[in-house]
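First up is the structure itself, then whatever we jot down about it.
The values are calculated or read from the model by the stated rules, or taken from the named source; none is laboratory data. Not measured: the values here are computed from a predicted model. Here the Cβ positions follow ideal geometry from the backbone for every residue, glycine too, while neighbour counts run over all protein chains shown.
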Amino acid sequence: MNEALDQLFDDANGHLALGEIDEAVVLYRRCVELSPDFFDGWHALGMALFKQGKVQEAIGAGLMATTLRPNDLLAWTALSQMFVRNGQIAEAEDAKSKARILSLGGKVQKEV
């Protein structure tokens with residue numbers, strides 16, 4: 001990660017820690033615009049949007065996070081919660097099952 005992106009992400013996390021969700025979302029969006037393959041940015045953006053109640057957008061960010069890092073337990077767990085909140089029970093169960101596989105030491109996708 002480059003220094004500018006690192007600083008931007010740290011600033012976003014600082015806003016989040018202070019409860020300044022709107023400000024954090026703006027900065028997380030800038031992070032993923034600068035680096036579309038930045039897993040931590042997508043995951044954090046999804047969680048911040050979820051806290052704002054913007055569930056559809058949160059799901060989009062969560063899906064990006066799981067696409068970038070398909071064997072990340074927390075990403076699948078968060079995505080499952082987002083799907084539940086959105087009433088997408090089948091999708092939530094699928095995400096939950098992937099999280100369960102990972103929690104038992106398995107893999108969702110073979111690593112290259």
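The table below lists the values:
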| quantity | calculated |
| --- | --- |
| Qualifying residue in the range 46-56 (condition: in a helix (DSSP H, G or I), without any contact (Cβ under 8 Å) to a residue 24 or more places away in the chain and aromatic (Phe, Trp, Tyr)) | no |
| Residue among Leu49, Leu45 that is buried (at least 22 other Cβ atoms within 10 Å of the Cβ) and either in contact with an Asp or Glu (Cβ under 7 Å, 6 or more places away or on another chain) or polar (S, T, N, Q) (or both) | Leu49 |
| So Ala99, is it surrounded by 15 or more Cβ atoms within 10 Å (Cβ to Cβ), in contact with a Phe, Trp or Tyr (Cβ under 6 Å, 6 or more places away or on another chain) and within 24 Å of Leu5 (Cα to Cα) | no |
| Residue among Ala78, Ala4, Ala65 that alone is at pLDDT below 95, in a helix (DSSP H, G or I) and either touching a helix residue (DSSP H, G or I) at 6+ places or on another chain (Cβ under 9 Å) or under 18 Å from Leu102 (Cα atoms) (or both) | Ala4 |
| Test for Arg30: is it outside any loop (DSSP other than H, G, I, E, B) and either closer than 18 Å to Asp11 by Cβ or polar (S, T, N, Q) (or both) | yes |
